[in-house]
Amino acid sequence: MTKDNWVVAGREFSSRLIIGTGKYASYEQNAQAAIAANAQIVTVAVRRVNLTDKSKPLLTDYLNPKEYTYLPNTAGCFTADDALRTLRLAREAGGWNLVKLEVLSDQKTLFPDMLETLEATKILVKEGFDVMAYCTDDPVFARKIEDAGACAIMPLGAPIGSGLGIQNRVNIRLIVEQSRVPVLVDAGVGTASDAAIAMELGCDGVLMNTAIAEAKDPVLMASAMKHAVIAGREAYLAGRMGKKSYADPSSPLAGLI
Amino acid sequence: MPMQENISIVLNGEAIQCPINLNFLELLNHLELEPRSLAIELNREILPKSEWENRQVENGDKIEIVQFVGGGL
């Protein structure tokens with residue numbers, strides 16, 4: 001197959017699988033999963049330094065920011081203001097401006113608050129950030145954040161950490177069809193077939209964390225996800241057959257004995 | 001009585017004492033923090049790395065020092 005890269009905010013990647021760096025047993029296991037997944041981008045959180053225990057391992061010692069594109073995210077932020085503070089600090093800490101914005105609304109569902117997300121997107125874009133925005137699978141809001149300048153639209157497949165898979169394929173497909181920037185399913189993937197479905201719908205990529213980190217064998221699941229994303233992408237490019245209500249024999253009817 | 005040589009600051013949400021006349025790079029050293037990949041917010045504004053050496057820590061400063069850690073979505 002010829003080169004099938006995707007581009008976000010002028011940065012080109014061959015891997016369409018982005019993985020998180022939370023919930024792993026160790027940073028070491030996380031690093032092994034990143035290799036097995038063939039990830040080029042990893043999401044990271046920004047948190048206060050630990051002033052009492054300085055012997056704690058550093059993420060950067062296991063996942064080298066020179067080898068992986070760090071995508072700082074605002075997980076845990078429930079207001080636009082908190083998200084803005086976090087990403088301004090992230091830009092200062094890392095020195096890059098590609099970020100993942102997520103502004104949550106409610107502890108139980110972790111659904112994004114789209115009004116706050118839209119507001120924060122506008123401000124971040126004005127400040128020179130390249131904003132990949134976590135959003136609901138509502139095509140209307142997806143359009144609004146794209147118009148506000150988001151460089152990627154990241155609709156949820158299902159609630160964060162739920163592993164329920166893509167709940168609304170129609171909406172994800174509508175968002176893919178209308179968007180001029182990359183669309184990545186972010187959240188809800190539970191197993192390899194979910195990732196393949198996201199890619200078959202025409203998404204440019206998939207972001208996941210829990211599906212890999214909480215598998216019984218995270219490194220093996222990372223490899224499964226790599227294959228699923230590639231399989232789904234190739235199936236999308238190949239173009240699936242039409243669906244029919246009745247059987248259609250695959251062997252010729254002529255020459256039957 | 002010995003001269004007061006400490007100031008009070010709020011660091012990552014906790015009130016602490018630190019020596020007077022430190023700049024921010026010296027504060028990191030004092031806290032035994034490796035400056036690599038850190039970011040500092042001073043009274044809700046980003047304090048760029050380029051200013052760490054020029055800026056003195058003042059009594060009452062509210063300071064956040066953060067780094068990247070593992071996190072998903």
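The values are calculated or read from the model by the stated rules, or taken from the named source; none is laboratory data. Please read these numbers as outputs of a predicted model, since none were measured by experiment. Neighbour counts run over all protein chains shown; Cβ positions are idealised from the backbone, glycine included. To get the accessible areas, we keep the full protein, side chains included, count just its heavy atoms, and leave off ligands, DNA and RNA. Shrake-Rupley method; radii C 1.70, N 1.55, O 1.52, S 1.80 Å.
Distance from the Cα centroid of the stretch A:181-256 to that of the stretch A:135-153 is 24 Å (rounded to whole angstrom). Express the carbon and sulfur contribution to the solvent-accessible surface of the stretch A:60-180 as a percent, rounded to the nearest whole number, probe 1.4 angstrom. Of the solvent-accessible surface of the stretch A:60-180, carbon and sulfur hold 49 percent. Of the peptides A:12-20, A:52-60, B:24-32, A:75-83, the order by per-residue mean of other Cβ atoms within 10 Å, starting with the highest, comes out as A:12-20, A:75-83, B:24-32, A:52-60.
Answer rounded, prolate or oblate for the stretch A:129-257, using the Cα gyration tensor with square roots of eigenvalues a ≥ b ≥ c: rounded when a/c is under 1.5, else prolate when a/b is larger than b/c, else oblate.
Numbers: a/c = 2.57, a/b = 1.52, b/c = 1.69.
Note, shape of the stretch A:129-257 comes out oblate.
Counting, for every residue in A:40-46, the Cβ atoms of other protein chains within 10 Å of its Cβ and taking the mean gives 4. In a DSSP loop and with at most 15 other Cβ atoms within 10 Å, the GluC sites (Glu not before Pro) in the stretch A:176-257 are A:E214.
Each DSSP beta bridge with both residues in chain A is either parallel or antiparallel, and the antiparallel ones are about 15%.
Among A:E67, A:E92, A:E102, the sequence by solvent-accessible area, most first, with a 1.4 Å probe is A:E67, A:E92, A:E102. Only one residue of A:A196, A:G22, A:L184 has its Cα farthest out toward the positive end of the dipole of chain A, where Lys and Arg carry +1 and Asp and Glu -1 on Cβ, and that residue is A:A196. Just add up the charged neighbours of A:L156: K/R +1, D/E -1, any other residue whose Cβ is under 9 Å from the Cβ of A:L156. Here the count lands on -2. Springs between alpha-carbon atoms under 10 Å, Gaussian network over chain A: tell me which of A:A195, A:A238, A:A247 tops the mean-square fluctuations. Evaluated over chain A, the most mobile residue of the options is A:A247. Exposure check, 1.4 Å probe, all protein chains in place: A:L51 carries approximately 50 Å² of accessible surface. Taking every residue in B:57-68 and counting other chain Cβ atoms within 10 Å of its Cβ, the average works out to 4.
For helix A:114-126, report the angle its Cα long axis makes with the longest principal axis of the Cα atoms of chain A; keep it between 0 and 90° and round to the nearest 10°. It works out to around 70 degrees. For the stretch A:1-141, DSSP calls about 30 percent of its internal beta bridges antiparallel. Taking a probe of 1.4 angstrom, what is the accessible area of A:K100 in Å², to the nearest 10? Spelled out: A:K100, probe radius 1.4 Å, area about 0 Å².
Largest accessible area first, the listed residues A:T191, A:T210 line up as A:T191, A:T210 when surface is computed with a 1.4 Å probe on the assembled protein chains. Computed over neighbours whose Cβ is under 11 Å from that of A:L98, the net charge equals +2, Lys and Arg +1, Asp and Glu -1.
Across the cross-link table entries A:K144/A:K244; A:K3/A:K100; A:K56/A:K216; A:K3/A:K108; A:K3/A:K243, which are compared at the Cα atoms, the separations over 32 Å belong to A:K144/A:K244; A:K3/A:K108.
Interface area, chains B and A: about 2800 Å² of buried accessible surface, summed, with a 1.4 Å probe and ligands, DNA and RNA left out.
For the stretch A:15-149, with every protein chain kept in place, what is the accessible area per residue (1.4 Å probe, Å²)?
42 Å²
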